[in-house]
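Report on the following structure.
The values are calculated or read from the model by the stated rules, or taken from the named source; none is laboratory data. Only a predicted model underlies this, so the values are computations on that prediction, with no experimental measurement involved. Counting neighbours? That spans all protein chains shown, and the Cβs are built from the backbone with ideal geometry, glycine included. Protein only, heavy atoms only, side chains kept; ligands, DNA and RNA dropped before computing areas. Shrake-Rupley method; radii C 1.70, N 1.55, O 1.52, S 1.80 Å.
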Amino acid sequence: MSGTEIYFAGNYHDMCHQYGTEAGFQFEFYCSRCQDTWRSPFEPYRGGRLAGWLSKGVGAASGLLGSVVGEVSTAADGLAGSHWGKARDTAFQRAVTAAEGHFNRCARCASYVCGRCWNTEQGLCLHCAPDTAGEMMAAQQRGLNDLVAQRAYAEGQRRGQEHDAQTPRQLVCPQCRTETHGGRFCMGCGHELAQQSACAGCKAPLPDGAAFCPGCGQRR
């Protein structure tokens, strides 16, 4: 579309087909906010359809007419291709004109949005001018969630005062290697966890697996 301003340059899908029996022009435009789409009416491309029908007939007629049919099909393809660009641009311009009746262009962010995403009173999209009632309800919900979260955090701190944070916890059983999740006994073998043996000589705690006391050297 040389020399012509292009609208909807970033929010449309080209659904055109150049060759074949389904050759034609169609474009899908979508709302920049909610992604809802509007599709332009399908316009057949007669040159491409003619080439498609001729190509289909080549197989059936090649035994009778030989290379003549192939030359006709090739010529039809070339004719369809030579007119394709201009025909598509013209069809796209018609589709854009029709799409302008289904979308609004925001003067602030320059996005094209559908009627449901348009603030009629402000003349802006709902990204730039959110609905007041909707924002009020959302703010109420955020306030409710924030206060509940604060109270839940305070309750967690209260419970934390009652939690034994000094007793050692073993997260893996030293005997069977089962995850214990901080329990007193292993769920896999029943071994009592976080217990420390004392040296018979000096009464110092013995680390798990120690054969001799690190304090006095007495054999365990």
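Some observations on this one:
- Which listed residue is out of contact with any helix residue (DSSP H, G or I) (no Cβ under 9 Å at 6 or more places or on another chain) and assigned to a loop (DSSP other than H, G, I, E, B), from GLY160, GLY134, GLY101: GLY101
Yes/no matrix, rows are residues, columns are (1) under 28 Å from ALA211 (Cβ atoms); (2) aliphatic (A, V, I, L, M):
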site	(1), (2)
LEU124	no, yes
GLY160	no, no
GLN175	yes, no
CYS199	yes, no
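- Only a single criterion out of (1) open to solvent by 70 Å² or more (accessible area, probe 1.4 Å); (2) within 35 Å of the chain's Cα centre (by Cα); (3) of a type in the set (A, V, I, L, M, F, W, C) is not satisfied by ALA99, namely (1).
- A single entry from ARG116, ARG158 fulfils the requirement of being open to solvent by 100 Å² or more (accessible area, probe 1.4 Å) and within 27 Å of CYS31 (Cα to Cα): ARG116.
- A count restricted to region 173-198 and to residues that are over 28 Å from ARG219 (Cβ atoms) and within 44 Å of the chain's Cα centre (by Cα) stands at 8.
- Listed by first and then second residue, the pairs with beta-carbon distance under 8 Å, at least 6 apart or on different chains, first residue in region 154-177 and more than 26 Å from CYS189 (Cα to Cα), second at pLDDT 90 or above, form an empty list.
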